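Heads up, the thing below is written out as structure tokens.
Each value in this text was obtained by applying a stated rule to the coordinates, not by laboratory testing. Computed from a prediction, not measured in an experiment: that's the story for all the values here. All Cβ positions, even for glycine, are placed from backbone atoms using ideal geometry, and neighbour counts span all protein chains on display.
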Amino acid sequence: MSETTEPKRGDSGLVETIKVVLQALVLALLVRTFLYQPFNIPSGSMKSTLLVGDYLFVSKFSYGYSKYSLPYSAVPFSGRILGSEPKRGDVAVFKLPRDNETDYIKRVIGLPGDRIQMKRGLLHINGEPVKVEPLDPYVERDRWGAKTRLKAFKETLPNGVSHTILKRDDEGFANNTQEYVVPAGHYFMMGDNRDNSQDSRFLDAVGYVPAENLIGKAQLIFVSIEEGATPWAFWTWP
């Protein structure tokens, strides 16, 4: 007469827990790889649209997929799959062309073939000045509480997309530039904090961004931690 040994209830529960955890990890990896990837804002170049300490989701499917869409560029291939063109005014994350590793986030200002120029702090696209309207000054504080007032404007791009830009003055190289002609298959990116942004105006540092380097479109801020606050100290978050 044979005897059967039934598994212990505790062992069965552990196996089920491990299976659930593994399934959750696989699902999270698939979501991060193909749908949404979290990013945090490390600098003030996109103020006041995005602040230091903002954490946001970027939709990776918005512009299709390139080798930079995958973690560590694990599957090298050229071009984009299921690609679609970014729209002027999109806030997009991309790999810095200089090293193809560093993540940058800026606004799409110039499309392929566009002529872009700054004249005394005013953006010109294809020879036409972009419409700007003054807003109340933007007040920012440093870690010691000292206040700085920046000029703020509502900028409206030719396709009707409006956003806030910040400025300190109208002088300097970044406010008085050559005319840039955006090459085919590339984009001209700029920060909303115009006098505190390293972007496509600096050809040796950023320059024109190849379509292949686009990672995705900024979609949703899911948490914002005050600049200088400790991330785990949730009671200090704004």
State which entries of LYS95/LYS217; LYS87/LYS151; LYS147/LYS167; LYS60/LYS95; LYS60/LYS87; LYS119/LYS147 exceed 19 angstrom in Cα-Cα distance in the structure shown. LYS87/LYS151; LYS119/LYS147
Taking every other residue with Cβ under 9 Å from the Cβ of LEU123 and scoring Lys and Arg +1, Asp and Glu -1, one gets +1
Using a simple spin-label model with points 7 Å from Cα along the Cα→Cβ vector, what separation in nm is obtained for ASN159 and ASN126? 1.2 nm
How much length is gained on full extension from THR102 to ASP142, taking 0.36 nm per residue of separation minus their Cα-Cα distance? 11.8 nm
By its C-alpha gyration tensor, with a ≥ b ≥ c as the square roots of the eigenvalues, how is segment 84-238 shaped: rounded for a/c under 1.5, else prolate for a/b larger than b/c, else oblate? oblate
